[in-house]
Every structure is written in structure tokens, then in C-alpha cells.
Amino acid sequence: MGRNVLVIGAGGREHALTWRLAASPSVDRVVTAPGNPGTAECGPNLPVDATDPAAVADLAERESIDLVVVGPEAPLVAGVVDELQRREIPAFGPTAAGAHIEGSKAFAKDVMEASGAPTGGYVATSERDEAYDALDRFGGPYVVKADGLAAGKGVRICASRDEARDAVDDALVRGVFGHAGSRVVVEQFLLGPERSVFGVCDGDDVVLLAPAQDYKRALDGDEGLNTGGMGAYTPVPGFTLDDVDHLRELVFLPVLRELADRGVPYRGLLYAGLVDTIDGPQLLEFNARFGDPETQVILPKLASDLGDLLHASAVGSVGDVEVTWHDDAVVTVVLASGGYPEGYATGIEIAGVDEAAGAPGVTIFHAGTSRGADGQLVTAGGRVLNVTARGSDVAEARVRAYAAADRISWDGRQRRGDIAARV
Ligand code: GLY
């Protein structure tokens, strides 16, 4: 008998997880809560308040779930995994204490530094004068971060000292970020391309996943505002699994040891954001969950059983799982609502998804969609669909992804045109 799996979340990442789990030989049934119209094609969607630990655990018990996979950070920070562990239901994801590595930049820097993993200098403080002194000590470009989760708006890179002091005042004096900005982290600027590497952790061991490159800015040429991510591809030349293997020893294992020593054995996905400096890789930040939309290209490349891997993370045995990868390249193009990442309309009818999904090598992951009154597919978020294509190389995957993306239309639809263009 295979496993009964519950995926928590409702975005493109969760559709990719549900889709891959549904195709895993070790999995009999996948339920998604609350899910979206895409996850509904892989198994039932059930309603739940994903940030209510007791509600998630009750649902898991009612549905006789063998493994809960928590997608987004908010349920992790709310303690969903703590409650599941208390009820002895295997869960993929860190406890609230572990998720603090994403929820507090000061905690993350403290763990990085104490672990001995390479990272830049920093000062975490609630005192304006101490923050000002740190700005002068590190010099420009100046990096000022609100300590807590600030909806992606809490990080400022400033060219001038005055601007950096203003960023400190925004957080500590004017309270622009509320409680999230009651402490700031002033950091040494790290120069180089940003990379992210994902590790599936089981408390003391880690399996690294095939790296992907994402595109954070809204417009072509990395112009425009920061977004959750407008596309991704894998493999990345010069940044393959072999290229990142040394990060297991350099970054992941020391950080896992440090967390375990603090009584926080870290299980689930550890997302390490790094900067490739001339002095080698330096840790920039952590997230406590899979990247979105990187997951939408990494999971189609995974050849082995995702259910076994995520279950091994939950029960402490990732070293026993053989993880294998297809040779294929995968590209995903995000189709977004007009205006995203700022204000946008919802409820707009979407055309062409079925035709696009029928093209060779193409899978459409739903992110911000819902069903209208007559069952028609409508927009329901900023990032709406992730048009994903496999190919024998990145160029072929890219052509397929864009051809499929351009069969899908709605009023105001926007996308970048340069995802994976320079590979
Ligand atoms: N794509 C970036 C993130 O998931 O944070």
C-alpha cells in the first residue's frame, strides 16, 4: 500500500509538489488543502485554514494521512509541523523554531556565523545609533534589512549613507514595517551573482537538489520591481549538482549541526541564498521552504520518487534514499496579472490553457487561478500560471515554454520574454 499524502498550500509550488507526488509510485493518493484548480486535477482539494495548526492536524487525521507536505512559510511559522509532530503524523517542513531561519534575518545571520559557514559581517540592533555606526563601519553600498517578514519589502540596498540612514529610520523610528522592523540587520554588501541551492534535510543530513536559476525582477533585462519570481530554468551551466556538491560540507552540514546543537533539528527544505563572490560563495539568506517558481522546474527534472524523499526527510533518513535526475532541461515562464507586483485586477477569464497544455513536453502549473460561477478558469492572484516545458536542452525547453505560453491569453496578461534566453 502506498502513502496517503496531504499538501498544504495553494500556489504554483504546491501544484508542482502535488503533481509530482501524484506521479510517485510510493504515493496512492494526494489531497491538497486548500489547493487550486490545477491541484484539483491531481486529487481532491479540501478547505482548511493553512495557518491553523489544529485544523491542519485534524484534517490529516480525518483523511488518514501518512505524510503532510507543507509548501509555504506562513503555516511553518505558525507551528503546523509542531502540531503534526505532537500527534505523530510525519510532516515535511521545519518546526516554528526552525522556520525562524526565514522569519528572522538576525537569527539566520547568528546561525550562519556560529556555524562557521562563509557569510558577510553584520550587526543586528534595535538602536538607531548602533545601526548608524554599523553603516559607517561596513561602508557602501549599504545593506539595511528589517529583521522580520515584511512582504518582500524589508530589504534596502542604498548607494548613499543618507539613504541608508533613512532606511534605518523607516524601520526603527517611523515603524514602516511594524513589528517586523523593530530590529534591523545592517550587513556587509556582497558583490557577485546571487544563486540559490535547495537541500532536503532530515535533522542532521541533507540531499541537495538540482540547482535552478530564477528571475526576480518584473521586466526583461532584470528591470522593474522585485517579484516572487517571473520564471526559472535548469540546468544552469557552471551551476550543476556537481558544481554545488561542496556546499554540503561548507554550508548545509555546519548549519544543520548548529541548529541541532541549539535544540532545533531542522527537517524539511533548507533554501540557501548565496552570493558567488570573488572570495567564493557567501551565505546571504535562508528560506524554510521550496523556492517558487524554481520548484516548478526542479520537480519535472526529478526522476526518482518524491514521496520517498519527502517522507525520509520527515522521519530522519534522507541518506537511505537514492535520488536520480532526468538529463532533460526544464524552463518555466510565469504569466502574471497586469500591474503585478503592484495592484492588479482578479476574476478575469483565461483562455487557451487546454490547448497550451496539450503541446509536447508542456505542463501548466496553476498559481493564482480559480473557477468562476460557470466553472470557467479566472485569474485570482498576481502570478497566475507557470507554463513549464521539458526539452533535450534549455533552448528546446525555452521554445516550447514560450510557444505554449503564447497560446494562453487574458486581458492584461504580462510575462517576461527573456527567461533562459542567455543560456
Ligand atoms: N523564487 C524565490 C523564492 O521562492 O523566494
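The values are calculated or read from the model by the stated rules, or taken from the named source; none is laboratory data. Since the structure is predicted, the reported quantities are computational estimates derived from the model, not experimental observations. Neighbour counts are summed over all protein chains in view; Cβ atoms, including those assigned to glycine, are modelled from backbone coordinates with ideal geometry. Areas reflect the complete protein model, heavy atoms only, side chains present, ligands, DNA and RNA absent. Shrake-Rupley method; radii C 1.70, N 1.55, O 1.52, S 1.80 Å.
Yes or no: residue 183 surrounded by 15 or more Cβ atoms within 10 Å (Cβ to Cβ) and modelled with pLDDT of 95 or more? Don't jump to the end; show me each part of the working.
Working: surrounded by 15 or more Cβ atoms within 10 Å (Cβ to Cβ): yes; modelled with pLDDT of 95 or more: yes.
In short, yes.
Exactly one of (1) open to solvent by 10 Å² or more (accessible area, probe 1.4 Å); (2) within 30 Å of residue 406 (Cβ to Cβ); (3) away from the ligand (no atom under 16 Å from the Cβ) is unmet by residue 300. Its number?
Residue 300 satisfies all of (1) open to solvent by 10 Å² or more (accessible area, probe 1.4 Å); (2) within 30 Å of residue 406 (Cβ to Cβ); (3) away from the ligand (no atom under 16 Å from the Cβ) except (1).
Among the numbered criteria (1) assigned to a helix (DSSP H, G or I); (2) away from the ligand (no atom under 16 Å from the Cβ); (3) among the aliphatic types (A, V, I, L, M), which one does residue 108 miss?
Failing condition for residue 108: (2).
Return the total of residues in the range 252-264 being in contact with a Gly (Cβ under 7 Å, 6 or more places away or on another chain) and farther than 14 Å from residue 199 by Cβ.
Selection size over the range 252-264: 2.
Please state which one of 222, 243 is exposed (fewer than 15 other Cβ atoms within 10 Å of the Cβ), without any contact (Cβ under 8 Å) to a residue 40 or more places away in the chain and more than 13 Å from the ligand (Cβ to nearest atom). Walk me through how you get there before you give the answer.
Values: 243 fails: exposed (fewer than 15 other Cβ atoms within 10 Å of the Cβ).
Answer to the check: 222.
Can you tell me which residues in the range 328-382 are surrounded by fewer than 14 Cβ atoms within 10 Å (Cβ to Cβ), in contact (Cβ under 8 Å) with a residue 24 or more places away in the chain and either within 22 Å of residue 395 (Cβ to Cβ) or basic (Lys, Arg) (or both)?
360, 371
Please determine whether any residue of the range 88-99 is farther than 27 Å from residue 267 by Cα and among the β-branched types (Val, Ile, Thr). Explain how you work it out, then say what you get.
So the first thing to find is which residues in the range 88-99 are farther than 27 Å from residue 267 by Cα, and the list is none.
The answer is no; no qualifying residue exists.
Taking the options 321, 315, 255, name whichever one is aliphatic (A, V, I, L, M) and farther than 16 Å from residue 69 by Cβ.
It is 255.
Out of 270, 284, report the one residue that is out of contact with any helix residue (DSSP H, G or I) (no Cβ under 6 Å at 6 or more places or on another chain), open to solvent by 10 Å² or more (accessible area, probe 1.4 Å) and either within 21 Å of residue 148 (Cα to Cα) or free of Cβ contacts under 8 Å to residues at least 24 places away in the same chain (or both). Full working, then the answer.
On the way: 270 fails: open to solvent by 10 Å² or more (accessible area, probe 1.4 Å).
Just a single option satisfies the conditions, and that option is 284.
Yes/no matrix, rows are residues, columns are (1) away from the ligand (no atom under 16 Å from the Cβ); (2) among the hydrophobic types (A, V, I, L, M, F, W, C); (3) without any contact (Cβ under 8 Å) to a residue 60 or more places away in the chain:
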| residue | (1), (2), (3) |
| --- | --- |
| 176 | yes, yes, yes |
| 183 | yes, no, no |
| 201 | yes, yes, no |
| 214 | no, no, no |
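When you go through (1) modelled with pLDDT of 95 or more; (2) open to solvent by 10 Å² or more (accessible area, probe 1.4 Å) one by one for residue 252, which number turns out not to apply?
Condition (2) is where residue 252 drops out.
Answer with yes or no whether residue 290 is surrounded by fewer than 23 Cβ atoms within 10 Å (Cβ to Cβ) and not charged (D, E, K, R). Spell out how you get there, then give the answer.
Working: surrounded by fewer than 23 Cβ atoms within 10 Å (Cβ to Cβ): no; not charged (D, E, K, R): yes.
In short, no.
Return the residues of the range 252-297 that are in a strand (DSSP E or B), away from the ligand (no atom under 11 Å from the Cβ) and closer than 16 Å to residue 205 by Cα; say none if nothing qualifies.
Across the range 252-297, the qualifying residues are 266, 267, 268, 270, 272.
If you take just the strands (runs of 3 or more DSSP E) that sit entirely in the range 129-223, which of them hold at least 2 residues that are over 19 Å from the mean Cα position of the chain (by Cα) and aliphatic (A, V, I, L, M)?
Working: elements: 142-146, 155-158, 184-187, 194-203, 206-208, 217-219.
Here the list reads 142-146, 184-187.
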